[in-house]
Amino acid sequence: MGTAPHINWTALSVFIFFFALVTVMGFLASRWQRGSGEAHLDEWGLGGRRFGTWITWFLVGGDFYTAYTVIAVPALVYAVGAYGFFALPYTILVYPIVFCIMPRLWRVAHKAGHVTAADVVYARFKSRPLELAIAATGVLATMPYIALQLVGMEVVIKALGLTGELPLTAAFVILALYTYSAGLRAPALIAFVKDLMIYIVVLVAVVLVPMKLGGYGMVFAKAGAAFDAKGGATGLLLKPSQYLPYATLALGSALAAFMYPHTLTGIFAANGENTIRKNAIYLPAYTLLLGLIALLGYMAWAADVHPATPNDTVPALFNALFPSWFTGFAFSAIAIGALVPAAVMSIGAANLFTRNFWKAYVNPQVSPQGEAKVAKIVSLVVKFGALVFIIFVPTQYALDLQLLGGLWILQTFPSVVFGLFFNWFRGTSLLIGWVAGLGIGSWMAISDGVKPVHTFMIGGDPYAMYTGLFALGVNIVVAVVVQLVLSMFKPSGAQGVASRA
Amino acid sequence: MRILLLLPFFGLLWVPFYNQATPELFGFPFFYWYQLLWVPVTAALTWIAFRATRNEGDE
């Protein structure tokens, strides 16, 4: 059944034990792998840029596959079936993209000491407006994402039988304090624990649950029967009208994924180009895990669990099938899984604010120590803002904003990436492309009632696709056209200062 | 060798090709195990591309 209002003491004790463990680790993390200049933004915000292959694997894995993913992907699969699986092609295709782009971005950033994507863009195009556009997009897209991590945490806290805002607030205050003191090292160290716990939970669940339910054949059969009864655009296979949305959501999300400040922070913190390339090979292990997590949505049908809302699917399934101690372990894995991305996201947003707003407009003379001080305070403000948002504003707003955030961050792709490969674009054309993509994409998504997919009528036939990817197309076309026009007046590539650095 | 990295895009973005229930594998409809299979395949292709990059002397 759904979430009972009584407190599950065994599960709660296990939960508190693991939460306390990572809290201690978070505070001790400031002494881990410490470099020379400790009050430097490179140290606080990028962990000294010394993370090797394994640390990067745990950090990016822990940061990209968030707690909200563990809750929301099975919830979508439970609600609609095959369509929810677009997360799988998305998180497969993202790695060839990372492999081709991110080592180059890392090299540019490392050479010049850039901390954010907007730093790279400013150095390349010498355009303050474009830098500000990239930085503002990053911060705006990240804020609702942090709020969603809180939603993930709230769901498991509720499933433990705790009520009120106090547990969530307490968890977040602890997170804020150790991120403040240890910076990126805290989530990097906690990611080890979090990822191992999630792996254990998911492997146990995907082996034991089907055994209890009569095998995977039975799981799929029961879920299929449930969708047949439910009708609509649900089912174990896609409807033909869902082909294009499925493919465009996968591709668009894959292009957007490593434009977010939190994923880029993981890239910039790596100690070398090959660290990133190796991670593009090893990180898909998490994608396999995600595919299995998604199947929890079908297992809920097979186990006859009827969650109150789709987001309660995973907690309700675990409460129904597992002993209390294991439920407590699983819930703490999910809650800790919220801490890692929330910490990295707030650090990424703080880095952007410090480098591309504070240093650019308020105090250009700021020292690296001063930068670290500003970033630490901003990380507190960002987290506090997310907490207030989630407590006082309906969750749906956070979901809507996160969806728009994905569309927005995708519009930074040309500015961040094209400059690495071509010497043709100038800042002005990319900025106008960004404005066009952001404007048209937001307008379409909002007039559709904040839905990710827009339906175009072409020759009387409906074609639906991911609005963000369409907006990216507009963005690129506008940038190319403006650049062509500009090139007629000035020879192209005239200001290619650090062209292929 | 980077051209190999285009294969997963063809394999996964042409949805009608794999949107079917059969053949099943371990109880999984084709739609599911086909996409899951692309995870190790893509990792292997990336590994090949990585080896080739290293032999070129890290660009």
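No value in this document is a laboratory result; all are computed from the given coordinates. Computed from a predicted model, the values in this text were never measured in an experiment. For neighbour counting, all protein chains shown are included, and Cβ atoms are generated from backbone atoms with ideal geometry for every residue, glycine included.
At a glance:
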{"quantity": "Subset of segment A:64-79 [among the hydrophobic types (A, V, I, L, M, F, W, C) and away from chain B (no Cβ under 14 Å)]", "calculated": "A:PHE64, A:ALA67, A:VAL70, A:ILE71, A:ALA72, A:ALA75, A:LEU76, A:ALA79"}
{"quantity": "Test: residue in segment A:380-394 that is buried (at least 24 other Cβ atoms within 10 Å of the Cβ), out of contact with any Ser or Thr (no Cβ under 6 Å at 6 or more places or on another chain), more than 30 Å from A:ILE198 (Cα to Cα) and not charged (D, E, K, R)", "calculated": "no"}
{"quantity": "Unique match (being surrounded by fewer than 24 Cβ atoms within 10 Å (Cβ to Cβ) and either within 14 Å of chain B (Cβ to nearest Cβ) or closer than 25 Å to A:PHE384 by Cα (or both)) among A:ILE336, A:ILE281", "calculated": "A:ILE281"}
{"quantity": "Condition broken by A:SER181, with the remaining ones in (1) of a type in the set (Ser, Thr, Tyr); (2) under 21 Å from the mean Cα position of the chain (by Cα); (3) more than 15 Å from A:TYR68 (Cα to Cα) satisfied", "calculated": "(2)"}
{"quantity": "Neighbours by Cβ (under 7 Å, 6+ apart or cross-chain): first from segment A:366-384, touching a residue at least 12 places away in the same chain (Cβ under 8 Å); second assigned to a loop (DSSP other than H, G, I, E, B)", "calculated": "A:PRO368/A:HIS40; A:GLN369/A:ALA39; A:GLN369/A:HIS40; A:ALA372/A:ALA39; A:ALA372/A:HIS40"}
{"quantity": "Checking A:GLY231 against (1) surrounded by fewer than 22 Cβ atoms within 10 Å (Cβ to Cβ); (2) more than 26 Å from the chain's Cα centre (by Cα); (3) within 8 Å of another protein chain (Cβ to nearest Cβ); (4) of a type outside the set (D, E, K, R), the condition it does not meet", "calculated": "(3)"}
{"quantity": "Residue within segment A:302-315 that is within 14 Å of chain B (Cβ to nearest Cβ) and either surrounded by fewer than 21 Cβ atoms within 10 Å (Cβ to Cβ) or not aliphatic (A, V, I, L, M) (or both) present", "calculated": "no"}
{"quantity": "Complete set of residues in segment A:396-427 that are touching a helix residue (DSSP H, G or I) at 6+ places or on another chain (Cβ under 7 Å), of a type in the set (S, T, N, Q) and over 17 Å from A:ALA117 (Cα atoms)", "calculated": "A:GLN402"}
{"quantity": "Cross-chain or 6+ apart pairs with Cβ under 8 Å, segment A:405-421 first and buried (at least 23 other Cβ atoms within 10 Å of the Cβ), then among the charged types (D, E, K, R)", "calculated": "A:GLY419/A:ARG124"}
